[in-house]
1. Could you list all residues from the range 175-196 that are of a type outside the set (A, V, I, L, M, F, W, C) and crowded, with 21+ Cβ neighbours inside 10 Å?
2. Looking only at the range 292-313, count every residue that is in contact with a strand residue (DSSP E or B) (Cβ under 9 Å, 6 or more places away or on another chain) and without any contact (Cβ under 8 Å) to a residue 60 or more places away in the chain and tell me the total.
3. Quick one: in the range 238-265, which of the residues that are among the hydrophobic types (A, V, I, L, M, F, W, C) and within 13 Å of the ligand (Cβ to nearest atom) is farthest from LYS155 (Cα to Cα)?
4. Does the range 323-339 contain any residue that is more than 21 Å from THR166 (Cα to Cα), part of a helix (DSSP H, G or I), at pLDDT 95 or above and not small (Gly, Ala, Ser)?
5. When the residues of the range 224-245 are narrowed to those that are touching a residue at least 12 places away in the same chain (Cβ under 8 Å) and more than 19 Å from the chain's Cα centre (by Cα), which ends up surrounded by the most Cβ atoms within 10 Å (Cβ to Cβ)?
6. Just give me the residues in the range 1-34 being part of a helix (DSSP H, G or I), among the β-branched types (Val, Ile, Thr) and under 25 Å from the mean Cα position of the chain (by Cα), in sequence order.
7. So how many residues does the range 74-109 have that are free of Cβ contacts under 8 Å to residues at least 60 places away in the same chain, more than 16 Å from the ligand (Cβ to nearest atom) and either on the phi < 0 side of the Ramachandran plot or not assigned by TED's automatic domain parsing to the domain that holds ARG152 (or both)?
8. Taking the range 45-64, which residues are surrounded by 13 or more Cβ atoms within 10 Å (Cβ to Cβ), at pLDDT 95 or above and either away from the ligand (no atom under 16 Å from the Cβ) or at positive phi (or both)?
Amino acid sequence: MIELRNFVKNIRPYKPGKPIEEVVRELGIKEEIIKLSSNENPLGPSPKAVQAIKEKIENINIYPDDNCFYLKKKLSEKFNIPPNNITVGSGSVELIELIFKAYVNPGDEIIMSDPSFIMYKIACHIFGGKRIAIPLKDHAHDIETMAKAINRRTKIIILDNPINPTGTIIRNDKFNYFIEKVPENVILVVDEAYKEYIENENYPNAIDSLKKHENIIILHTFSKIYGLAGLRVGYGFSSTNIIAALMKVRLPFNVNRIAQIATTAALDDDEFVKKSYKNNEAGKEFLYKELKRLNLKYTPTYGNFILVHFECEAKNVFQAAQKRGVILRTILEYGLPNSLRITIGTPQQNKRLIEVLRKII
Ligand SMILES: Cc1ncc(COP(=O)(O)O)c(C=O)c1O
């Protein structure tokens, strides 16, 4: 057998939510299957993005713009950030990988919460970083303990805000306290994948912190509220130094032509974003009420998903729901065997979810 790099030997590959097609193949289910396992937008993609794709699909014989000029221009206008301070990747997961690729030497310490978005752990292992995992406190980042863990070997700190899988946020005051504790030679990654679902005065304005701190990178994605997970586009804001470093280690043409066109158009789709936000808020309220009726505990969320806790191994609930055509997400790899992470769906999907849960439990 050909020997793997040492760092790679023990990596457990990322396990995404099961695709609908796979469940149909495995179980031969006839009724409509609903997928509430990957925090996608249940309303579908931004219509403006779809229209833009239809208009430009003929040009795919041409390589994409390697610099994503128009997408960066649009982002620059929307967020009031110069294009040189913007980077775009094939999903925000690519940007996470690039940060590690550019900065992590084997043995560098990477501070993250446990659990937090699983790709942080995987990227850390791929590049031989030493993972410093700080357990969550009351399902939220334990900011004080994270700050105490910083030392001269620390290279990167990653905060998902809100956290995947618990859905809790770091509040303004704690965020501001924390960024002052992070030395300038340590990169602070603030992953705001679900940002657009939050309208709350306590949610930090991370972009403001870029003015004072060259070592912060903020990540956003088109995969969630814009409904474009299938196109794989994420973007980051940071200092020109960090943006230039990421450029050095990425592959050319990392964001395809169609993805650039669609996401540029989606940035104008305020109506769709608003509709998606409202659907999520209404779904959250409905699910909170119904989960309480079912006597199920859950963690109140700021994202488009809810972590639901069971008295038994959640795998059993997952399998029973899947047999009834509802795909949920176990999060064993996050160390939470009794919980399922459930995406908030359309009103019909949420109703069906509750009916299925009622039958199972
Ligand atoms: C916190 C967090 N960051 C990043 C991502 C990945 O986003 P993308 O589709 O842009 O790679 C996810 C996806 O579930 C996530 O939960």
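The values are calculated or read from the model by the stated rules, or taken from the named source; none is laboratory data. Since the structure is predicted, the reported quantities are computational estimates derived from the model, not experimental observations. All Cβ positions, glycine included, derive from the backbone under ideal geometry; neighbour counts span all protein chains shown.
1. Of everything in the range 175-196, those that are of a type outside the set (A, V, I, L, M, F, W, C) and crowded, with 21+ Cβ neighbours inside 10 Å turn out to be ASP191, GLU192, TYR194, LYS195.
2. Total meeting the criteria: 9.
3. Only one residue fits best here, namely ALA259.
4. So far as the range 323-339 goes, no, none of its residues is more than 21 Å from THR166 (Cα to Cα), part of a helix (DSSP H, G or I), at pLDDT 95 or above and not small (Gly, Ala, Ser).
5. Only one residue fits best here, namely ILE242.
6. Within the range 1-34, VAL8, ILE20, VAL23 meet the criteria.
7. Residues flagged as free of Cβ contacts under 8 Å to residues at least 60 places away in the same chain, more than 16 Å from the ligand (Cβ to nearest atom) and either on the phi < 0 side of the Ramachandran plot or not assigned by TED's automatic domain parsing to the domain that holds ARG152 (or both) within the range 74-109 amount to 8.
8. If the condition is that a residue be surrounded by 13 or more Cβ atoms within 10 Å (Cβ to Cβ), at pLDDT 95 or above and either away from the ligand (no atom under 16 Å from the Cβ) or at positive phi (or both), then PRO47, LYS48, VAL50, GLN51, ALA52, ILE53, PRO64 are the ones that fit.
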